[in-house]
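Q: Sharing a structure with you now.
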Amino acid sequence: MQEIFIAFDVETPNAANDRMSAIGISLICGGRITDRFYTLIDPETYFSPFNSELTGIYPEDVKGAPTFPEVWQMIENAMSRGVLVAHNAPFDMGVLAKCLRDYGIKWKSTVPYLCTCTLSRRAYKSLPNHKLNTLCDCLGIELEHHNAGSDAEACAKLLLCCSEIIDPKTCVRNYDLINRKTLQK
């Protein structure tokens, strides 16, 4: 696996899913994880009790944290280096697209991405489901679920496991960041 893959995961403060309260990134180069990044993000909006309970992130946790535009300055170079990867990727891709749009940040109109949920369905057909926590339990991958850093690293490790069975390039799609949808092949 020679391509560069950027496994990422976002947490959101509420059901609007148009802001991030955290992001985790694990960079995969040459078939191994070479770098990691995690930060809380001030979403500049309200937190729902459900999302706070799920993620463990509360308004007081993000006081003083960078906003999305500040974080984007830190991660744009990494996010531009290869194929974006997420588990249930349309969710994470959609949140990313909405944040870019709402903050008026110009990036790319389309990006290549891969969903490890889709990839794992092909690689591990016999599992009862393909939720990230189920896959991690079955494959012995450590996971602190709904922590963006842990989820991103687990996603990266899952990609590496799946790539031993199936070529991940067979699942790469293109995501339209302007219209927030996967483009048909």
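The values are calculated or read from the model by the stated rules, or taken from the named source; none is laboratory data. Note that the structure is a prediction, hence the values are computed from the model and not measured. We place every Cβ from the backbone using ideal geometry, glycine too, and count neighbours over all the protein chains shown.
Q: Without any contact (Cβ under 8 Å) to a residue 40 or more places away in the chain, touching a helix residue (DSSP H, G or I) at 6+ places or on another chain (Cβ under 7 Å) and not hydroxyl-bearing (Ser, Thr, Tyr): is that true of Cys136 in this structure?
A: Against the criterion (without any contact (Cβ under 8 Å) to a residue 40 or more places away in the chain, touching a helix residue (DSSP H, G or I) at 6+ places or on another chain (Cβ under 7 Å) and not hydroxyl-bearing (Ser, Thr, Tyr)), Cys136 qualifies.
Q: Which one of Asp9, Asp42 is charged (D, E, K, R), crowded, with 16+ Cβ neighbours inside 10 Å and farther than 19 Å from Leu132 by Cα?
A: After applying the criteria, what remains is Asp42.
Q: So which of Thr110, Thr118 is touching a residue at least 60 places away in the same chain (Cβ under 8 Å) and among the β-branched types (Val, Ile, Thr)?
A: The conditions single out Thr110.
Q: Output the residue which, of all residues in segment 37-60 that are among the charged types (D, E, K, R) and either out of contact with any Ser or Thr (no Cβ under 8 Å at 6 or more places or on another chain) or assigned to a strand (DSSP E or B) (or both), is nearest to Val85 (Cα to Cα).
A: In this case the residue turns out to be Asp42.
Q: Being within 11 Å of the chain's Cα centre (by Cα) and either part of a loop (DSSP other than H, G, I, E, B) or not β-branched (Val, Ile, Thr) (or both) is the filter here, so list the residues in segment 74-102 that pass it.
A: Scanning segment 74-102 gives Met79, Leu84, Ala86, His87, Asn88, Ala89, Pro90, Phe91, Asp92, Met93, Gly94, Leu96.
Q: Continuing with the same structure: Can you give me the number of residues within segment 34-63 that are closer than 25 Å to Ala156 by Cα and of a type in the set (A, V, I, L, M, F, W, C)?
A: Qualifying residue count for the region: 5.
Q: Let me ask something additional. Could you check, for segment 113-121, whether at least one of its residues is surrounded by 15 or more Cβ atoms within 10 Å (Cβ to Cβ), at pLDDT 95 or above, among the small types (Gly, Ala, Ser) and more than 16 Å from Phe8 (Cα to Cα)?
A: Yes, segment 113-121 contains at least one residue that is surrounded by 15 or more Cβ atoms within 10 Å (Cβ to Cβ), at pLDDT 95 or above, among the small types (Gly, Ala, Ser) and more than 16 Å from Phe8 (Cα to Cα).
Q: Might you let me know whether segment 85-100 holds any residue that is modelled with pLDDT of 95 or more and either exposed (fewer than 14 other Cβ atoms within 10 Å of the Cβ) or on the phi > 0 side of the Ramachandran plot (or both)?
A: Yes, that holds for at least one residue.
Q: What single numbered condition from (1) polar (S, T, N, Q); (2) part of a helix (DSSP H, G or I); (3) over 28 Å from Leu183 (Cα atoms) fails to hold for Thr34?
A: It fails just one condition, (2).
Q: Within segment 132-165, can you find the residues that are surrounded by 14 or more Cβ atoms within 10 Å (Cβ to Cβ), closer than 20 Å to Pro90 by Cβ and either under 14 Å from the mean Cα position of the chain (by Cα) or aliphatic (A, V, I, L, M) (or both)?
A: Hits for segment 132-165 are Leu132, Leu135, His146, Ala148, Asp151, Ala152, Ala154, Cys155, Ala156, Leu158, Leu159.
Q: Determine if segment 122-139 includes at least one residue that is in a strand (DSSP E or B) and either closer than 18 Å to Glu11 by Cα or modelled with pLDDT under 95 (or both).
A: no
Q: Residue under question is Ile105, and the condition is that it be among the β-branched types (Val, Ile, Thr), more than 23 Å from Arg36 (Cα to Cα), touching a helix residue (DSSP H, G or I) at 6+ places or on another chain (Cβ under 9 Å) and in a loop (DSSP other than H, G, I, E, B); does it hold?
A: Against the criterion (among the β-branched types (Val, Ile, Thr), more than 23 Å from Arg36 (Cα to Cα), touching a helix residue (DSSP H, G or I) at 6+ places or on another chain (Cβ under 9 Å) and in a loop (DSSP other than H, G, I, E, B)), Ile105 qualifies.
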